[in-house]
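The values are calculated or read from the model by the stated rules, or taken from the named source; none is laboratory data. Being a predicted model, the structure only gives us computed values, none of them experimental. A quick note on method: Cβ atoms are made from the backbone with ideal geometry, for glycine too, and the neighbour counts reach across all protein chains shown.
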Amino acid sequence: MKELLQKLYAHESLGKEEAKRVLINITNGKMNPSQLASFMTVFLMRSITIDELMGFRDALLELCIKVDFGGMETIDIVGTGGDGKNTFNISTLSCFVVAGAGYKVTKHGNYGSSSISGSSNTLEKLGYEFTNDIDKLKKQLDRANICFMHAPKFHPSMKSVAAIRKQLGVRTFFNLLGPLVNPCQPTHQLYGTSSLEISRLYNYIMQDSGRKYNIVYALDGYDEISLTGKFDIKNNYGHQVLSPEKINKNHINPIQLNGGESQEEAVNIFKNVLNGKGTKAQIDVVSTNAGMAIHTFKPEVNIIDCIAEAEESLKNGNALNSFQLAVDSYQ
């Protein structure tokens, strides 16, 4: 490990297979805590390369508890986080809206790192039971059109680095891996990224994946379509920049997306939106992101029509019904 660190200190990068081997060694406890902290710090001082990110991804996918839904078409909607905006749970709410519209959602998530309440925090508070039991997940997917895969349940190898990550107290390259290592590797993916650099990395990785995807980045720094300004979209078909006006939406003031100052506030916002009591800004941004997910399934359909489909899922209570079915699926 000393030679590896010296190589990285000399500003050299890792090849894909080398990166994979290194991360497997790390999860097997072959780095002591000081070495591990130093290793992670390297990638705070410089950008991670595509080969390194792909190698780390391959390692975690090899080590994870895999989930097979038999080729069913599903989607994950997830942001990289790290935008520092403390927005409410837009991507998680969007998942239930998409499920309510009749599409299968296999959501991969975790506790929050850059916001008051991440997807796992909120769902746990609302009574959702985390499981890696494939039969229970299939039951949820069948009844509610959605299942939630809490990352620690599927990536036990990450326990070996959890304490160091917590002690460092800053985001590391592991946060970039979360959206890439969904244990079922869904056929469709909507990624939100917190920088153009990350969106380019993801786009390069996804181009050869054989999966349908959209990668979004709000040009003012949000890892989702925030409607606070223009946003960048990369997908299987190319690249474009859109504005709220282009999709028949008004600009939103950033303060209207605030996720609250406590997990209780975050949960209340979540419940209000699902129950049709959210603000216009909250409903607009959730339906827009859900609409982009639907557009990932149906790229031939105008994004405005896909957003309208998402709005109907909220309005008619189908999104709320999907949530309630998912929570009650164990009973």
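Of the strands (runs of 3 or more DSSP E) contained entirely in segment 155-249, those carrying at least 3 residues that are over 19 Å from the mean Cα position of the chain (by Cα) and in the same structural domain as Asn289 (by TED's automatic domain parsing) fall at 238-242. Exactly one residue among Gly127, Gly109 is modelled with pLDDT under 95 and under 25 Å from Thr27 (Cα atoms), and that residue is Gly109.
Within segment 292-318, the residues that satisfy the criterion of being assigned to a loop (DSSP other than H, G, I, E, B) and either without any contact (Cβ under 8 Å) to a residue 12 or more places away in the chain or more than 22 Å from the chain's Cα centre (by Cα) (or both) are Lys298, Glu300, Val301, Asn302, Asn316, Gly317.
Output the residues belonging to segment 202-237 that are touching a residue at least 40 places away in the same chain (Cβ under 8 Å), among the small types (Gly, Ala, Ser) and at positive phi. Result: Gly221, single match. What single numbered condition from (1) closer than 30 Å to Phe130 by Cβ; (2) assigned to a helix (DSSP H, G or I) fails to hold for Lys277? Every listed condition holds for Lys277 apart from (2). As a summary of the residue check, Gln207 satisfies the conditions (1) more than 27 Å from Asp51 (Cα to Cα); (2) at pLDDT below 95; (3) of a type in the set (S, T, N, Q) except for the one numbered (1). Among the candidates Thr87, Thr49, the residue that is of a type in the set (Ser, Thr, Tyr), surrounded by fewer than 20 Cβ atoms within 10 Å (Cβ to Cβ) and under 30 Å from Ala218 (Cβ atoms) is uniquely Thr49.
Counting just the residues of segment 54-100 that are in a helix (DSSP H, G or I) and of a type outside the set (A, V, I, L, M, F, W, C), which one comes out farthest from Asp135 (Cα to Cα)? So, considering only residues that are in a helix (DSSP H, G or I) and of a type outside the set (A, V, I, L, M, F, W, C), the one farthest from Asp135 (Cα to Cα) is Gly55. Based on what the data block shows, is Phe96 among the aromatic types (Phe, Trp, Tyr), at pLDDT 95 or above and not assigned by TED's automatic domain parsing to the domain that holds Cys184? Against the criterion (among the aromatic types (Phe, Trp, Tyr), at pLDDT 95 or above and not assigned by TED's automatic domain parsing to the domain that holds Cys184), Phe96 does not qualify. Please indicate, with yes or no, whether at least one residue in segment 66-82 is buried (at least 18 other Cβ atoms within 10 Å of the Cβ), out of contact with any strand residue (DSSP E or B) (no Cβ under 7 Å at 6 or more places or on another chain), over 18 Å from Leu190 (Cβ atoms) and at pLDDT below 95. Checking segment 66-82: not a single residue is buried (at least 18 other Cβ atoms within 10 Å of the Cβ), out of contact with any strand residue (DSSP E or B) (no Cβ under 7 Å at 6 or more places or on another chain), over 18 Å from Leu190 (Cβ atoms) and at pLDDT below 95.
The set of residues from segment 128-139 being assigned to a helix (DSSP H, G or I) and more than 19 Å from Val78 (Cα to Cα) comprises Ile134, Asp135, Lys136, Lys138, Lys139. When Asn289, Asn272, Asn321 are checked against the criterion of being at negative phi, without any contact (Cβ under 8 Å) to a residue 12 or more places away in the chain, part of a helix (DSSP H, G or I) and not aliphatic (A, V, I, L, M), Asn272 stands alone in meeting it.
Scanning segment 152-201 for residues that are buried (at least 21 other Cβ atoms within 10 Å of the Cβ) and free of Cβ contacts under 8 Å to residues at least 60 places away in the same chain yields a single hit, Ser199.
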